[in-house]
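Report on one structure; see the data block that follows.
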Amino acid sequence: MDYDALFSSQLDALRREGNYRVFAELERYRGNFPRARRHCGDGPSDVTVWCSNDYLGMGQNPEVLAAMHEALDRCGAGAGGTRNISGTNHYHVLLERELADLHGKEAALLFTSGYVSNWASLGTLGARLPNAVILSDALNHASMIEGIRHARCEKVIWRHNDVRDLDDKLSRIEPGRPKIVAFESVYSMDGDICPMEEILDVAEKHGAMTYLDEVHAVGLYGPRGGGVAEERGLMDRVTLIEGTLGKAFGVVGGFITGSAALCDFIRSFSSGFIFTTALPPAVAAGALASIRHLKRSDAERRRQREMVAKLRARLDQVGIPHLWNPSHIVPVMVGDPVKCKMLSDILLDDHGIYVQPINYPTVPKGSERLRLTPSPLHTDADLDHLVRALSSLWSHCALSRAVA
Ligand SMILES: *Cc1c(COP(=O)(O)O)cnc(C)c1O
């Protein structure tokens, strides 16, 4: 058996479709977001990153770096074990308290990533709650889908953000069964935001618990960065809020928050929580500093919103089509995988602008895009440079412009 030939034939198919993933090799500069050095065949060159999920540049924030240095010097490199076997560091406990407070919940639980937190929590809830049904929004993230699959309970998919469809589907389930409505606040590819209050109304009407992924909202929305649920005054109505420490908080890790009983349940039964080494103490310390900073400071959020508005206005001026949404994500629609990749390559090679092409299966075929994430640290000159480059490439690639 030629196994490599089996691997290669599938990879070749991916390449033919224009969906083969090529990573940009970057060296981020400390304290200099969004600048990075890019390594490639022609040697290194400097680029401006326009597609980072380090939405506020907190990964380069001096308070975060100082906290990580201090914890590294106090505690050393790794946690030294799973949470159960010697790996629970003081910083983990402080961070869990901070997260519970951020979302106004009794308790929180850390995971090694947001992906793992969704996979492990939905998997455990669906498997352990007797005769459970999970009602999943059609556009939920891969980590939630995999968690639901792992739960092996009944799954019902409701139309994206469609509260009537959810109501309908909940009505068909016997009232006595445990029901989990799983959804996100900000959807990362279109940047749309769910009708949260209506979803909660419907879930409550049917006695369902709610599982909310606020990965693209924590740190960014609400007066203390508690997410869209905080902004809309709805945190106490959501049963479980899940988030990441790797996007707006700029470090790495995932978490859930909820009642003490809920977090204790996941802590006690979830394989993805139990059987893995705890996060390094320095990572927990950095996340703690980042959350504390963004609880107090609104400057980063305000400046980010300004940059998002400016970018949208400039794109409109030159007729570059972008998807409207109420969030911080600006999807520039290309609609063709090969052109999308070509645009991204030229921006990177000729203009020092890095924005990764987003192709199928991350987004549906025909909706290929460049997903721009303006941050508080991009300058007006960065913005100018980006819009000029995009505008010239739009003509070069014979892409159609939006009518102003
Ligand atoms: C990125 C992402 C995750 C996973 O979070 P990580 O911390 O990066 O593993 C979960 N949910 C959504 C919606 C995401 O976009």
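The values are calculated or read from the model by the stated rules, or taken from the named source; none is laboratory data. Computed from a predicted structure; not experimentally measured. When we count neighbours, we look across all protein chains shown, and the Cβ atoms used for this are built from the backbone with ideal geometry, even at glycine.
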Pairs returned, first residue in region 40-60 that is free of Cβ contacts under 8 Å to residues at least 60 places away in the same chain, second residue that is within 16 Å of the ligand (Cβ to nearest atom), beta-carbon separation under 6 angstrom, 6 or more apart or interchain, are none
Would you kindly identify the strands (runs of 3 or more DSSP E) lying entirely within region 1-97 that contain at least 2 residues that are over 25 Å from the mean Cα position of the chain (by Cα)? 45-49
If the requirement is being within 24 Å of A77 (Cα to Cα), over 20 Å from the mean Cα position of the chain (by Cα) and of a type in the set (V, I, T), which of these qualifies: T277, T244? T277
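Of the residues P280, P321, which is out of contact with any strand residue (DSSP E or B) (no Cβ under 8 Å at 6 or more places or on another chain), surrounded by 17 or more Cβ atoms within 10 Å (Cβ to Cβ) and more than 23 Å from A24 (Cβ to Cβ)?
Only one candidate passes the filter, namely P280.
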I need every pair where a residue in region 209-224 that is under 23 Å from P178 (Cα atoms) has its Cβ under 6 Å from the Cβ of a residue that is among the aliphatic types (A, V, I, L, M) and in a loop (DSSP other than H, G, I, E, B), sequence separation at least 6 or different chains. T210/V238; L212/V238
Counted residues in region 113-135 being under 22 Å from the mean Cα position of the chain (by Cα) and either outside any loop (DSSP other than H, G, I, E, B) or buried (at least 21 other Cβ atoms within 10 Å of the Cβ) (or both) come to 14
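Of all residues in region 390-402, how many are in a helix (DSSP H, G or I) and surrounded by fewer than 18 Cβ atoms within 10 Å (Cβ to Cβ)?
From region 390-402, those in a helix (DSSP H, G or I) are 390-396; that's our starting set.
The next check asks that each one be surrounded by fewer than 18 Cβ atoms within 10 Å (Cβ to Cβ); those that pass are 391-392, 395-396.
Of the residues in that region, 4 qualify.
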Single match in L135, L99, L139 (criterion: within 16 Å of the ligand (Cβ to nearest atom) and in contact with a strand residue (DSSP E or B) (Cβ under 6 Å, 6 or more places away or on another chain)): L99
The condition of being farther than 29 Å from E146 by Cα, touching a strand residue (DSSP E or B) at 6+ places or on another chain (Cβ under 9 Å), surrounded by fewer than 18 Cβ atoms within 10 Å (Cβ to Cβ) and charged (D, E, K, R) holds, among R296, R312, only for R312
Please verify whether region 351-359 includes one or more residues that are surrounded by fewer than 21 Cβ atoms within 10 Å (Cβ to Cβ), out of contact with any Asp or Glu (no Cβ under 7 Å at 6 or more places or on another chain) and farther than 24 Å from V218 by Cα. yes
Going residue by residue through region 146-166, is there one that turns out to be away from the ligand (no atom under 16 Å from the Cβ) and under 23 Å from Y221 (Cα atoms)? yes
What pairs can you find where one residue is in region 241-253 and under 23 Å from N32 (Cα atoms) and within 8 Å of the ligand (Cβ to nearest atom), the other is polar (S, T, N, Q) and modelled with pLDDT of 95 or more, and their Cβ atoms are less than 6 Å apart, with a gap of 6+ or different chains? K247/N53
